[in-house]
Amino acid sequence: MLKVEFPYCKFNPDFLGCNCDEPCLLVTLKEGGKEITVEAMVDSGCTVTHANSALAGELGIDLRICIPTKTIGISGEMEEAWMTEITFSLPGLGDDFRGPVLFTKNLPVSILLGQKNFFDTFDVHFQKSKHLFTLTRVDA
Amino acid sequence: MKDIVKNNKMRFTNDHYGKWVALSPDRKVILDYSSSLSALTRKFGTKEVVYTKPQDPALNYAF
């Protein structure tokens, strides 16, 4: 069974990145021979993985040929978004996997790993009292 | 900007919030920051570097 523990960022003062007490990890996004590694937040309230649209450009993804859709945030305002599929790579957690990503221009973080299909790929066990969360690959 | 980048012990500041930040692979060193991700990737590439958009601790986030 592929299982990896990650510290909550706030309690890992040697790491820069997330300032808050949040479940963040590194993920490499890949598409068309291009790749970029970003700090990502695990977000169970996010229906589909959302990424800042600047990342699409770095992966050579033309938003004009993605599926146009909308996303709605806590403010209730809808925002334009573009859906496509990319490859995700997490060291120590098995083979790379493909999954949907919804690019949006105003996301204030790099990427939110959401239900589809991050939570379909991993069981996520949050243990805030221990300052850690655990990912277990479910299809390995 | 250079002082912040030079001092690798320094944490994020108001200069970084809302911007893209390039970090060393171990996330211990701030390499640089910019409002443009592509400006950073032109400088550092996309291998052996981590990119992030740090959250402003003065704000609350709903996600």
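Computed from the coordinates by the stated procedures, all read-outs in this text should not be read as laboratory data. Bear in mind that the values here come from a model prediction, so they are computed numbers and not experimental data. Cβ sites come from the backbone with ideal geometry, for glycine too, and all protein chains shown count toward neighbours.
Just a few scattered comments:
- Among the residues of B:45-52, the average count of other protein chain beta-carbon atoms within 10 Å of the residue beta-carbon is 6.
- Nearby aspartates and glutamates by direct alpha-carbon distance to A:LYS128 (threshold 17 angstrom, same-chain neighbours under 8 apart not counted): A:GLU5, A:ASP21, A:GLU22, A:ASP43
- MRE, 222 nm, helices only [DSSP H, n ≥ 4, -39500 (n - 2.57), over chain A, to nearest 500]: -1500 deg cm²/dmol
- Relative contact order %, chain A, counting alpha carbon pairs below 8 Å whose residues are six or more apart: 31
- A viscosity of 0.692 mPa s and a temperature of 37 °C, combined with the Kirkwood radius over C-alpha pairs in the Stokes-Einstein formula, give segment A:56-106 a diffusion coefficient of 264 µm²/s.
- Estimated distance in nm for a label pair at A:LYS3 and A:ILE67, the labels positioned 7 Å out from Cα along Cα-to-Cβ: 3.5
- Selection from A:SER44, A:GLY99, A:MET83 lying farthest towards where the dipole of segment A:31-136 points positive, charges on Cβ: A:SER44
- Antiparallel bridges, percent of DSSP beta bridges restricted to chain A (to nearest 5): 85
- Computed with the Debye formula from one identical point scatterer per Cα of segment A:1-138, without solvent, the log10 of I(q)/I(0) at q = 0.19, 0.21 Å⁻¹ comes to -1.15, -1.36.
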